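The next block holds one structure in the form of structure tokens; read it before the comments.
Please treat every number below as a calculation from the coordinates, not as lab data. Treat the numbers as computed from the prediction; the structure is a model and nothing was measured. Positions of Cβ are generated from backbone atoms using ideal geometry, with glycine treated the same way; all protein chains shown enter the neighbour counts.
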């Protein structure tokens, strides 16, 4: 596939709006595109993921990107060597580059196969990658497409726990506010305790190696029209490599229990909405060495290994399968989820060659 065709594929993908839960149109487009490009065994699964293969036999290498984006339409345009649009960075450029690379490898690889997967709802609860695991794909290596920058490899991600914390107090007339506890104020006091307990480790160890917390939502209710008596907090906990989700949840429950004991007029309950364990990939694996060599061959410069404070599908797949994994893709991750999302075409085209060379290096 020449560069013009690869860029056209990316632009077409960007033109299809596909926020989490609305990937069907893009999946249909990719299925038709892969069939035209000669991919074998093109199919979708019950979650809506799309798969296509080139080559046969072993080793089997999975190139996995996600089709969904965060909400918010952005105009698609190309100017000054860049392509703009929702998903240009996170992460349609990676998936388009993977499809382009796999197509180019069809005439090169003799022993082994590449499976390209476009998965759904990575930006939500990772429905797609969880279904991909249930599909029981037999692969020896996996590369996940997320913006790392053309010379960088992401080998470690923090984990996360999404919590819903509910504080309840007695209701009463607003005029009696001096006699009553306010659920909103009590919820914020609890949040302050939780935040402060995390901040201490961050200052001592740095962000990646610390448990960190973010308040991402707050709702309240006045059951009788008086003082707020119910307040619900949505909390995002980010887990460092040595803190598993069970330990983070246990710590949060203890903070909530201690708070409730000190505030007898307030009841506190916690619900775990979602969790993903932290994950650190083996930097000495054959996959990492192949990808590192490919970056040097294509860009002329050494690869840099990144730790990221977010989470990715690599966390779930890598931790549960135990096979060598890495995350790599074009784009500046700082532009992800912003109103000014763009990718350099030179970087996009270079990433295609990196994917190609990485596969060749593994199979050589």
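I need 83, 161 ordered by Cβ neighbour count within 10 Å, fewest first.
Values: 83 22, 161 25.
Lowest to highest Cβ neighbour count: 83, 161.
Where the centre of each part is set by its Cα atoms, how far does segment 243-279 sit from segment 104-160, in angstrom?
With segment 243-279 and segment 104-160 each reduced to a Cα centre, they are spaced 33 Å.
With an 8 Å Cα cut-off and a minimum separation of 6 or more residues, compute the relative contact order for segment 159-276 in percent.
On the way: 228 pairs, mean separation 51.8, N = 118.
For segment 159-276, the relative contact order is 44 percent.
Classify segment 283-350: rounded, prolate or oblate, from the alpha-carbon gyration tensor (a ≥ b ≥ c, eigenvalue square roots; a/c under 1.5 rounded; otherwise prolate if a/b is larger than b/c)? Please list the in-between numbers first.
Details: a/c = 2.47, a/b = 1.16, b/c = 2.13.
Taking the square roots of the gyration eigenvalues as a ≥ b ≥ c, segment 283-350 is oblate.
Run the simple label-point estimate for residue 40 and residue 304 please: 7 Å along Cα→C-beta, distance reported in nm.
Output for this residue pair reads 4.1 nm.
In nm, what is the difference between 0.36 nm times the number of residues separating residue 25 and residue 320 and their Cα-Cα distance? Numbers along the way, then the final one.
On the way: separation 295, 0.36 × 295 = 106.20 nm, distance 3.00 nm.
Length difference between fully extended and current span is 103.2 nm.
Can you show me the helix-derived [θ] at 222 nm for the chain, built from DSSP H runs with n ≥ 4 at -39,500 (n - 2.57) apiece and divided by the number of residues, rounded to the nearest 500.
Values: 9 runs with 132 residues, N = 364.
Value at 222 nm, helices only, nearest 500: -12000 deg cm²/dmol.
Assign one of three labels to the chain, namely rounded, prolate or oblate, based on the Cα gyration tensor with a ≥ b ≥ c the square roots of its eigenvalues; rounded applies when a/c is under 1.5, prolate when it is not and a/b is larger than b/c, and oblate otherwise.
On the way: a/c = 2.42, a/b = 2.01, b/c = 1.20.
Prolate, because a/c is 1.5 or more and a/b exceeds b/c.
Let me check against my output: what whole-number percent is the relative contact order of the chain, with C-alpha pairs under 8 Å and at least 6 apart? All intermediate terms of the calculation are to be shown ahead of the outcome.
Values: 828 pairs, mean separation 86.6, N = 364.
Computed over the chain, the figure is 24 percent.
Return a whole-number percent for the relative contact order of segment 1-141, with Cα pairs under 8 Å and 6 or more residues apart as the contact set.
RCO, segment 1-141: 33 percent.
Given the options 216, 61, 249, state which has the largest fluctuation in a GNM of the chain using a 10 Å cut-off (strictly under) for Cα springs.
Of the options given, 216 has the highest mean-square fluctuation.
Which order do 126, 210, 148 fall in if you start with the one that has the fewest other Cβ atoms within 10 Å?
Working: 126 23, 210 20, 148 26.
Ordered from fewest to most neighbouring Cβ atoms within 10 Å, 126, 210, 148 come out as 210, 126, 148.
Can you tell me which of 28, 224, 285 moves the most in a GNM of the chain? Springs connect C-alpha atoms under 10 Å apart.
Taking springs between Cα atoms under 10 Å, the residue moving most is 224.
Of the beta bridges DSSP finds with both residues in the chain, what % are antiparallel, to the nearest 5? Walk me through the numbers on the way to the answer.
On the way: 47 of 68 bridges.
Here the share of antiparallel DSSP bridges comes out near 70 percent.
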